[in-house]
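Report on one structure; see the data block that follows.
The values are calculated or read from the model by the stated rules, or taken from the named source; none is laboratory data. Fair warning: this is a prediction, and the values are worked out from it, not measured in the lab. Quick reminder, even Gly has a Cβ in these numbers, built from the backbone with ideal geometry, and neighbours come from all protein chains shown. Note: accessible area is taken over every heavy atom of the protein model, side chains too, but ligands, DNA and RNA are not part of it. Shrake-Rupley method; radii C 1.70, N 1.55, O 1.52, S 1.80 Å.
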Amino acid sequence: MSEAVRAPRRWRIRRPWRLAAESAAVLIAVVVAFPLYWMVLSAFKPAGEVQSDEPRPWTLEPSLDSFRRVFEQQDFGRYFLNSLLVASAVVVASALIAFLAATAVTRFRFKFRTTLLIMFLAAQMVPIEALTIPMFFLMRDFNALNTLYSLILPHIAFSLPFAIWMLRGFVKAVPEALEEQAFIDGASRTRFLWQILFPLVFPGLVATSVFSFISTWNDFLFAKSFIISATENSTLPMALLVFFDTETPDWGGVMAASTVMTIPVLIFFVAVQRHLVSGIGGAMKD
């Protein structure tokens, strides 16, 4: 009888804390989602409402004029394809290189191994802005300016330290006994690497690929710095500059173009969400 009386009391004590946590989570979600809502709303607002001095969080007359102006811009489709090509190349190349490097620093013992791992961490502390000018001269010496290679190579370099450090935990979580058993069964090192180890660390590869994709897709600094005169090689963020004017910026066009830029990111998230959750969970567990 006493236990039956105490149980509801414990439930009453815990419920306010749970309610407060859920309310805080909802509030944070609203704060995070509101800029996205305002972006999409402004993209569908008529020009008069976008430039109004009394903005409203709704519209009674949705319009597609802003999207029409976006798709009527010259070479907008080419900019979109350039962004897709650069982001895809960075994701694939950084994932493969990071997988091989993480396997090497985890499974093999060699000189300066610890120093190399510390350098991976130190590389994350250097802001990209501080390296833009040296990277510019490096791309110039390689004759890569005004080409997509000047965007692909730097993003691969900046994505690798984080990817290697994160994948190192996934590779380390695979028991060495599994590798020994594979060798006993006649599997070569290459077969173990791609047919056994690669599928096991694939969730981690997805998690690092999301980071690489978003940072590359939204890049403006490198695109503005390294693509100087060859506008046909510009990426999608550069297309936003068309809607900025010194006197009257086209905010409706900016919001519509930003909405279009967000769609591939959402599609990528939906495609990899299952592996992304398990990948992040595995990294936190490690």
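Summary of packing: across the peptides 44-55, 178-189, 257-268, the per-residue average of other C-beta atoms within 10 Å ranks them, highest first, as 257-268, 44-55, 178-189.
Quick check: at a probe of 1.4 Å, how many percent of the accessible area of the stretch 15-62 sits on carbon and sulfur atoms? Before the final figure, lay out the partial values.
Numbers: 2700 of 3830 Å².
C and S atoms contribute 70 percent here.
Extension gain for Ser88 to Ala47 (0.36 nm times residue separation, less C-alpha to C-alpha distance): 11.3 nm.
With the simple model of a label 7 Å out from the Cα in the direction of the Cβ, Ile133 to Thr147 spans 2.6 nm.
Only Cα pairs under 8 Å and at least 6 apart count here; give the relative contact order of the chain as a rounded whole percent. Rounded, it is 30 percent for the chain. Counted as membrane-span-like here are DSSP H helices of the chain whose alpha-carbon atoms extend 20 Å or more along the helix's own axis and whose Kyte-Doolittle mean is -1.0 or above; these are 2-44, 76-107, 149-173, 198-217, 251-285. Rounded, prolate or oblate: pick one for the stretch 1-150, where a ≥ b ≥ c are the square roots of the eigenvalues of its C-alpha gyration tensor, a/c under 1.5 means rounded, and failing that, prolate if a/b is larger than b/c, else oblate. Oblate, since a/c reaches 1.5 and b/c is not below a/b. Each label point was placed 7 Å from the Cα along the Cα-to-Cβ direction; for Val126 and Ile214 their separation is 2.4 nm. Here each label is just a point 7 Å from Cα along the line to Cβ, and for Ile184 and Ser23 those points are 5.9 nm apart. Rg and Dmax of the stretch 73-281, both derived from C-alpha coordinates alone, stand at 19.9, 73 Å. In plain terms, the chain from Ile97 to Arg274 could stretch by 61.4 nm, reckoned as 0.36 nm per residue minus the Cα-Cα distance. Ordering 70-79, 123-132 by mean Cβ neighbour count within 10 Å, with the highest value first, yields 70-79, 123-132.
Bridgeable aspartates and glutamates around Lys224 (alpha carbons under 15 Å apart, same-chain partners fewer than 8 residues away excluded): Glu129, Glu232.
Computed over protein heavy atoms with a 1.4 Å probe, the accessible surface of the stretch 1-143 works out to 73 Å² per residue. What does the charge dipole of the stretch 22-105 about its Cα centre add up to, to the nearest 20 debye, if the Cβ of each Lys and Arg holds +1 and the Cβ of each Asp and Glu holds -1? Rounded to the nearest 20 debye, it is 300 debye.
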